[in-house]
1. Answer yes if at least one residue in segment 72-85 is without any contact (Cβ under 8 Å) to a residue 24 or more places away in the chain, in the same structural domain as Arg158 (by TED's automatic domain parsing) and assigned to a loop (DSSP other than H, G, I, E, B), and no otherwise.
2. Taking only pairs six or more apart or across chains, which ones have beta-carbon atoms under 7 Å, a first residue in segment 633-656 that is in contact (Cβ under 8 Å) with a residue 40 or more places away in the chain, and a second residue that is among the basic types (Lys, Arg) and part of a strand (DSSP E or B)?
3. For Leu328, indicate whether it is in the same structural domain as Gly539 (by TED's automatic domain parsing) and either in a loop (DSSP other than H, G, I, E, B) or closer than 30 Å to Phe553 by Cβ (or both).
4. Looking only at residues that are β-branched (Val, Ile, Thr) and outside any helix (DSSP H, G or I) in segment 359-398, which one is farthest from the chain's Cα centre (by Cα)?
5. Every residue in segment 399-430 that is among the charged types (D, E, K, R), surrounded by 17 or more Cβ atoms within 10 Å (Cβ to Cβ) and either at pLDDT below 95 or in contact with a helix residue (DSSP H, G or I) (Cβ under 6 Å, 6 or more places away or on another chain) (or both), please.
6. Of the residues Glu420, Glu424, Glu379, Glu401, which is closer than 13 Å to Leu346 by Cα and in the same structural domain as Ala447 (by TED's automatic domain parsing)?
7. Could you tell me whether segment 15-28 includes any residue that is modelled with pLDDT under 95, surrounded by fewer than 18 Cβ atoms within 10 Å (Cβ to Cβ) and more than 26 Å from Arg520 (Cα to Cα)?
Amino acid sequence: MPYDNVIRRNFLKGAVSASLLGACASSASGSEPTTDDPYYAGIQQTLTGMDLPEGSFRYAPTEAETMDVFDGQLWGQATQTRRQAESDQPFSTYFRIENTAPTSNFWDVGFNGSFRSDVAAGEVLLGVVYLRSPEAAGDATVDVFFKQNDGYENHVKRNAEISPGSEWTRYYFPVEYDESSGAGDAWIDFFLGYGEQVIDIGGIAVLSFADADVDVSDLPGIWSYQGRSPSAAWRADAEERIETHRKSDLTVEVLADGLPVSDATVDVSMTDHEYDFGSVVNAWKMADDSPEAQTYREQFREHFNKASIENGLKWDAWEDTHHRAATLETLEWLESNDVPVRGHTLIWPDFANTPDRIAQYSDDPDALHRAIAEHIRDEAGALSGRLTSWDVINEPYTSDEITDTLGRGSLVDWLEIAREADPETPRVVNDWGFLYEGSDEKREWYANLLDFLQSNDATLDGIGMQAHFSMHNKTRPGKVVDIIDRYASRGLDVEITEWDFRIDDPSSDSQLALQADYTRDMLTAVFSHPATTSFVGWGFWEGQMYHSSGAYFREDWSVKPNGCAYLDLVFDEWWTEETGTTSDDGSYQTRAFRGDYEITVEHGGTTKTVEATVSEGGSTVTVDVPSDEQSRTVETRQPSKVTKKVATFSGELTALGDASEVDCYFLYRVAGSYFWFATDVQSLDAPGTFETTIRHLRPDIEYEYYAVARTSDGKKQTGDTVTFRTKGNRNSEK
């Protein structure tokens, strides 16, 4: 086990090593557009930035000429007006369509624009359009159809139904025409016959890739969402909440003999978030001793500070001897690495989700109640005090066979039995669909359930909101905040317990970009809400995840764009690293994200590092430094016995000062990374040398290390950093 608590969370910072940040950096630069129209040029630059050809414009080379094609083509009981777009939009004009009467069919109101030249068989097109519904966000609807006439009848080549929100959102429509057609025999229809509504349509463009080797699946799709725009209104509110609820004032006071020290250098280095950013882990994989499992554990430890065990704490797994052993081994490993764990789950109230023997009690409520109570007491009691929360009840909305048998009051009973077995662990009800765009009925059902539980004094502490999303099922970020508000008003903590975002094609750049953007926005919306305490994913690696397309890391451990979005927020934008100097009063102030820190002060040739926690209300840290420069008490020596995987570190304690005993150890890492490892401690009561042999290094890798001497009162001295390279070529290692 590492000695120094400074290492306790430094593994988190290892997630943003230089190499990983490099993997997240975009290298696309785009080529010069072929149009002078600013908006159309921007579209082409966006495409080349996706490593796609820029295409050619099907209607006309300018936005204005294309809008002319559609102007005046409206039919039905509606009005069409052409308006100037707001200055913050990339396009210049838009159509406002106002339906003035009820409709019977979606095609009762619409307008279209025909292509003015022939369409070749196999020609791939990409439509681009901006949509919004200024008066009825989420309720208005528009259908977009790509059509073709073969001389006898019309054929639909692509269509999509969209319910735009109140903010402008860009949509892409890729389509391939499998047959040729003459000028005027292929077109786009916008159908708006969905009752009395107002729809704004702007930025219409269609690009052809007839002269490029592009498959329709390579092009961006229609899977955008309201609020994706960098200028979306919800973002400013979220940032304000983050500043208020996730950051605090930090003051560092530097004193020498009780007097303020000015011009001391203060380094503020975050080591862990107060907020929990986690993932489920698989107990079988965690307990395995294979190299793959070792990498799995290391990657988890580097990137997350909260865990949930995927299946190992479920009732049937708990009763399986081997599965329980793997689960307990996993729990012990997490505890030894100072990773908090949430419990999932005690009761999943369908017979299919309990051990087979429980079904025999389906007609015997008393026996069924006794069996469930016995299980809760057994498992919750065995793990008492070891978990941060318990999903006492899982998915009661759809899993209701047992509650139908025992009655709704059984939920109150289960929560109370869990409290008696494990009084200190908060109790949670966990379910899916809370956050879905169209789950109003389910949210109302849960409001009624919570009314029932709270009116019956149920010992419920929190809500677990699963968050299984996909490119076909997304909730706008602003609404996510509103939904959380509804439950936070009851005084309950909110945990995001099962996050993932699935895509259809992990090789599609546009789908990966969508996944990354929604990951960024979901994290931001949730983190900004003060009622939430954690954001836990349903896996993180393609090689061990229920829906592998949602993983942050590919099977070869390269980071995906959504992983970059996670890392950029958690370890960069929301990670505090500040350096400054003390003022005349000996203080240094900054705003810092709440969490654990190393505060390092340098003054007069002496360096002192202390640990601190920034919490709600702000924190003041006092660092006492010597008034006179002290000589260094420890030196780092060159390593010896360096092989492909082994090296012996060496240091020398040159003086003990006033201490009777000094703890000596080394910190080492791959050169240039952020993740420092601590070696075992050697206690010296007199000056002398000390050594530690490190095994399991990687061949042909440059490492760096330095010696540390620490006295019992926490004062530390460090030696110079020494760099060395292990022998061999790592590419030849098997």
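The values are calculated or read from the model by the stated rules, or taken from the named source; none is laboratory data. From a predicted model like this one, the values you see are computed outputs, not experimental measurements. Positions of Cβ are generated from backbone atoms using ideal geometry, with glycine treated the same way; all protein chains shown enter the neighbour counts.
1. yes
2. Qualifying pairs under 7 Å: Ser650/Arg637; Gly651/Arg637; Glu652/Arg637.
3. Yes; evaluated as a whole, the condition is true for this residue.
4. The qualifying residue farthest from the chain's Cα centre (by Cα) is Thr398.
5. Asp422, Arg427
6. Testing whether each residue is closer than 13 Å to Leu346 by Cα and in the same structural domain as Ala447 (by TED's automatic domain parsing) leaves just Glu379.
7. Scanning segment 15-28 turns up no residue that is modelled with pLDDT under 95, surrounded by fewer than 18 Cβ atoms within 10 Å (Cβ to Cβ) and more than 26 Å from Arg520 (Cα to Cα).
Each row is one residue, and each column tells you yes or no for (1) modelled with pLDDT under 95; (2) in a loop (DSSP other than H, G, I, E, B); (3) more than 30 Å from Ser587 (Cβ to Cβ).
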| residue | (1), (2), (3) |
| --- | --- |
| Glu629 | yes, yes, no |
| Thr643 | yes, yes, yes |
| Phe649 | no, no, yes |
| Gly657 | yes, yes, no |
| Tyr665 | no, no, yes |
| Phe675 | yes, yes, yes |
